[in-house]
Amino acid sequence: MTIVECLIRAVFVSQGSRLGITTVVSTDSIRHMMRGFADEKQNPLLYASTYHAGDYLDPIAVAQAKAKRKANKPTIVAHPNISGGKDVTSDGKSHHGNSELPRRTELIGNKQMAVEGYKAQSEMVIDSLDRLITSWEEQKESVVVEGVHLSLNFVVRIIVKKE
């Protein structure tokens with residue numbers, strides 16, 4: 001249990017009933033529960049420390065995926081009316097859905113692998129958390145979620161989904 005989780009639990013034990021909050025859960029607890037459904041050989045990312053999750057990813061696959069995402073998202077530098085109706089990218093070429101991978105994909109560094117590992121692990125936890133939140137919502141229960149796997153993108157995704 002993290003210090004933050006202890007503080008949150010302490011506040012909500014004393015004040016939670018007044019606010020109608022009955023449940024406090026951490027993303028690490030969710031990850032721990034997920035381990036019960038997959039052994040370490042099946043999914044080593046679930047068992048890895050969040051800080052070392054990148055060690056369990058294939059650096060070549062990660063580099064290729066990043067290169068593919070980059071190839072599919074050209075940087076627009078000219079307005080379509082100025083460039084004759086075509087999107088002109090930073091390399092000066094017109095692109096219409098060309099998503100070829102570069103011939104040579106450079107591997108990414110250890111820091112970026114750590115970030116990619118964190119993102120991959122977070123995505124697994126977030127998928128389970130999303131289902132749990134839906135369940136709590138159906139039961140009309142209030143919940144506080146805390147943890148390192150939470151992101152602004154996830155919160156926005158939940159808000160949009162619930163509207």
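The values are calculated or read from the model by the stated rules, or taken from the named source; none is laboratory data. All values derive from a computational prediction rather than experimental measurement. A quick note on method: Cβ atoms are made from the backbone with ideal geometry, for glycine too, and the neighbour counts reach across all protein chains shown.
List the residue pairs whose Cβ atoms are under 9 Å apart, where the first residue sits in the range 56-84 and is surrounded by 15 or more Cβ atoms within 10 Å (Cβ to Cβ), the second is at pLDDT 60 or above and of a type in the set (Gly, Ala, Ser), and the two are 6 or more positions apart or on different chains.
Hits for this filter: 56/48; 56/117; 56/120; 57/117; 57/120; 62/54; 62/117; 62/120.
Of all residues in the range 25-37, which are surrounded by 18 or more Cβ atoms within 10 Å (Cβ to Cβ) and out of contact with any Leu (no Cβ under 7 Å at 6 or more places or on another chain)?
25, 26
Name the helices (runs of 4 or more DSSP H) wholly inside the range 1-85 in which the number of residues that are at pLDDT 75 or above and among the β-branched types (Val, Ile, Thr) is 1 or more.
Ranges flagged: 27-34, 59-72.
Taking the criterion of being in a loop (DSSP other than H, G, I, E, B) and modelled with pLDDT under 85, would at least one residue in the range 139-158 satisfy it?
No.
Scanning the range 95-138 for residues that are among the hydroxyl-bearing types (Ser, Thr, Tyr) and exposed (fewer than 15 other Cβ atoms within 10 Å of the Cβ), which turns out modelled with the lowest pLDDT?
99
Can you tell me which residues in the range 144-157 are of a type in the set (A, V, I, L, M) and surrounded by 16 or more Cβ atoms within 10 Å (Cβ to Cβ)?
144, 145, 148, 150
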